[in-house]
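Notes follow the structure.
Bear in mind these aren't lab numbers, they're just calculated from the coordinates by the rules spelled out. From a predicted model like this one, the values you see are computed outputs, not experimental measurements. Note that we place each Cβ from the backbone using ideal geometry, even for glycine, and neighbour counts take in every protein chain shown.
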Amino acid sequence: MLKLSIFCVLLTSVAVVLGCDTACSASQDANGRCYYSCTDNACHMSGSHHRDQFLNGLSTRGYDCRPEGYNTLSCGKTGSFGGCWGHKWTCGAGC
């Protein structure tokens, strides 16, 4: 019985590690900009960490994005950017 309990705990731990969490997602579409909110504790990191990573990824692609606060950012809506809800930032081994 103890071996079965240990196996279940290990299996649950592996499932958590291999999961893919949404760290940043669209929260608002206003004034020609898309606004994104990033979650604290997704993959054990702060919302500001995820904001910076997402911002860097979007900026590298040439999008007009900027930080808006501790865990938020916004991007200008241009033809190449597309819709607000088409972008998100995920983390975890299963992504």
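Where Lys and Arg each count +1 and Asp and Glu each count -1, what net charge lies around Cys24 among other residues with Cβ under 13 Å from its Cβ?
Numbers: positive: Arg51, Lys88; negative: Asp21, Asp40, Asp52, Glu68.
Every neighbour counted, the sum reads -2.
Binning at 10 Å from 0, report for the range 22-91 what percent of all alpha-carbon pair distances ends up in each bin.
The calculated distribution, bin by bin, is 24, 58, 17, 1.
Between Thr60 and Asp29, what length in nm is gained on full extension when 0.36 nm per residue of separation is reduced by their alpha carbon distance? Write out the running numbers ahead of the final one.
Working: separation 31, 0.36 × 31 = 11.16 nm, distance 2.17 nm.
Between Thr60 and Asp29, full extension yields 9.0 nm more.
Run through the range 15-95 and list the trypsin sites (Lys or Arg not before Pro) located in a DSSP loop whose Cβ has at most 14 other Cβ atoms within 10 Å. Kindly include the intermediate steps, with their values, before the conclusion.
Working: sites: Arg33, Arg51, Arg61, Lys77, Lys88; in loops: Arg61, Lys77.
Passing both the DSSP loop test and the Cβ count: Arg61.
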